[in-house]
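A short write-up of the structure that comes next.
All of the numbers you see were taken from the coordinates with simple rules; none came from a lab. These numbers were taken from a predicted model, which means no experiment stands behind them. Note: ideal-geometry Cβ built from the backbone for every residue, glycine included; neighbour counts use all protein chains shown.
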Amino acid sequence: AAAHTNLGDVRIFRGTKRIERKVVRLLLDLLGNPGGSGNLVSGGTEANLIAMLVARESARARGQLTDRPEVVVSSTVHFSFTKIFGLLGLTPVVVPVDDALRLPPAEVARHIGEHTVAVVATAGSSEFGVVDAVDEIGPAISGRDVHLHVDAATGGFIIPFARELGRELPQFDFTVDGVDSITIDPHKYGLANVPAGAVLFKGAQDAGRFAFDSFFVDTPVHNTLLGTRPGSAAISTYAVHEHLGREGFTAITRTNFEVTEHLVAGLRAAGHELAVEPQLNIVVVTMEHAVRISQLLESWGWIVSTSKRFGETLRLVVTRHVTAKMVDEFLPVLERARAHVASEAALR
């Protein structure tokens, strides 16, 4: 029944809309801001777009929007921002990442200028799972009157529980001074149905800054890009939270990190080098002929990914279904694929 509900129609699906409000409160509580605001959206791309539009329009309301609004981002920012900047007429100011692939706080501050409307930090990059030092970026740009957005689509449902387990990860949420908005995806490590993303704001009224009138008196305003929105996003996110609770998510996070460490140990024992030390549950290993190895592994039933931007690397992602036993099965297959591709290359 949830598949047929529409969060865009609060008259017909009032119960589903109430669940959405509960879910937004749960997410705000998770990220340290029970007094904030937000909406469920289709995923990280829509959430990031809404955050950037709010940033732009906030600058306009302050009388600070120039004819060339800029957003300071890292060189590893998610590709959704390429779409967003084109749609919204924003210009990216790209800051190179450091050796650990993180956004340097001092460089962020240095790149802010008269045209800057926002800074984007990442809490769990898609390619490497790297977490920017948001807790240093916020103070570094304090008083600069720019919107600080954190793209935590990947890390939002990992970092809070990992920190509770004693993992040394940067604080990235609304408890950090200066954070104005956060993207989080329940349909990733929150285990909800696809599509289920969320955009959250520090202020109680901030989510209402993205508002469009509809034709109808009884459903007058939409605060998301989509008009029709599946109620399953709210229902599944709420159901998973009620079933697992904070303790359940913490237990899953603990297991995911144990499996990640098992994978890293196995790769290193086989002589592989990692492109970067894993912070979350994404392991990137340097490997010659990575694309061909990835293709061969997929033909054998193992799906890994490779990056267009970072060449000879394999990206291995640990989620709830990946077990230590699967890792032990995978590692010999990886070596067999390496040997097979090496022999192919030798014959050329």
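Could you quote the convex hull projected area for the chain, Cα atoms only and averaged over all directions, in nm²? It would help to have the intermediate numbers written out before the result.
Details: hull surface 77.9 nm².
Reported value for the Cα convex hull: 19.5 nm².
Multiply the residue gap between residue 242 and residue 320 by 0.36 nm, knock off their C-alpha separation, and tell me the result in nm, one decimal place.
26.3 nm
For 321, 222, what ranking results if the residue with the fewest other Cβ atoms within 10 Å of its Cβ goes first?
So the residues, fewest neighbours to most, are 321, 222.
By count of other Cβ within 10 Å, fewest leading, how are 68, 320 ordered?
68, 320
Full extension from residue 87 to residue 61: what is 0.36 nm times the residue separation minus their Cα-Cα distance, to one decimal in nm? Don't skip to the end; give the middle numbers.
On the way: separation 26, 0.36 × 26 = 9.36 nm, distance 1.99 nm.
Gain on extension, residue 87 to residue 61, equals 7.4 nm.
With a Förster radius of 51 Å, plug the Cβ-Cβ distance of residue 205 and residue 299 into 1/(1 + (r/R0)^6) and report the FRET value to the nearest 0.05.
0.45
Among 322, 334, 289, which residue has its Cα furthest toward the positive end of the charge dipole of segment 254-347, with +1 on Lys/Arg Cβ and -1 on Asp/Glu Cβ?
Selected residue: 322.
Arrange the following residues from fewest to most other Cβ atoms within 10 Å of their Cβ: 28, 347, 40, 191.
347, 191, 28, 40
Taking every pair of alpha-carbon atoms in segment 211-348, give the share separated by more than 18 Å as a whole percent.
Cα-Cα pairs in segment 211-348 separated by more than 18 Å: 66 percent.
Identify which of 301, 156, 190 has the largest mean-square fluctuation in a Gaussian network model of the chain, with springs joining Cα atoms closer than 10 Å.
Looking only at 301, 156, 190, the biggest GNM fluctuation is shown by 301.
Could you give P(r) for segment 105-171, binned at 10 Å from zero, as whole percent values over all Cα-Cα pairs?
Cα pair-distance distribution for segment 105-171, in percent: 20, 48, 26, 5, 0.
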